[in-house]
Amino acid sequence: LEEFAAVHSQAFNCFTGMLSFLIVFRTSFAHKRSDLGYDILISIRANALDSASSIMAFTQGSSVPHEEVSACMRRFAILISCMQAKAITEMRGQNLIRLSLSELQILCPDEFDDETRRILSTDPSS
């Protein structure tokens, strides 16, 4: 009986050690993937901001009337905002289609025309 208990004790210790190693390894791996995802998201946001800033700076020397340039820059800022909202909702694991425009962190969602609202509310996979 003592030999039987000693064998089972060793098997149990081996099993719990391997299980602990597996849990720690998988948790560490998942954490690293999550951190990498957030780092990529921050990089994308920084690059989008740099691009938007450069484009807006280049419009300052335009010969087009100031009102048209301002309207274009406003639409561009809203587009960048929409792109950022899409990236953030995907990182959170949410479906952009199921969220209303007011739930997204988009600049001026009330300024979208009917066609843009229809496009944003349509699931592209269907």
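The values are calculated or read from the model by the stated rules, or taken from the named source; none is laboratory data. It should be emphasised that the depicted structure is a prediction, and the values quoted were computed from it without experimental measurement.
Let's see how each residue does on (1) under 22 Å from ASP39 (Cα atoms); (2) modelled with pLDDT of 70 or more; (3) polar (S, T, N, Q):
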position: ALA71; (1), (2), (3): no, yes, no
position: SER81; (1), (2), (3): yes, yes, yes
position: ILE88; (1), (2), (3): yes, yes, no
position: LEU101; (1), (2), (3): no, no, no
position: PRO109; (1), (2), (3): no, no, no
position: GLU115; (1), (2), (3): no, yes, no
position: SER125; (1), (2), (3): no, no, yes
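Determine whether the range 9-22 contains at least one residue that is within 29 Å of the chain's Cα centre (by Cα) and either at pLDDT 80 or above or not polar (S, T, N, Q) (or both).
The answer is yes; a qualifying residue exists.
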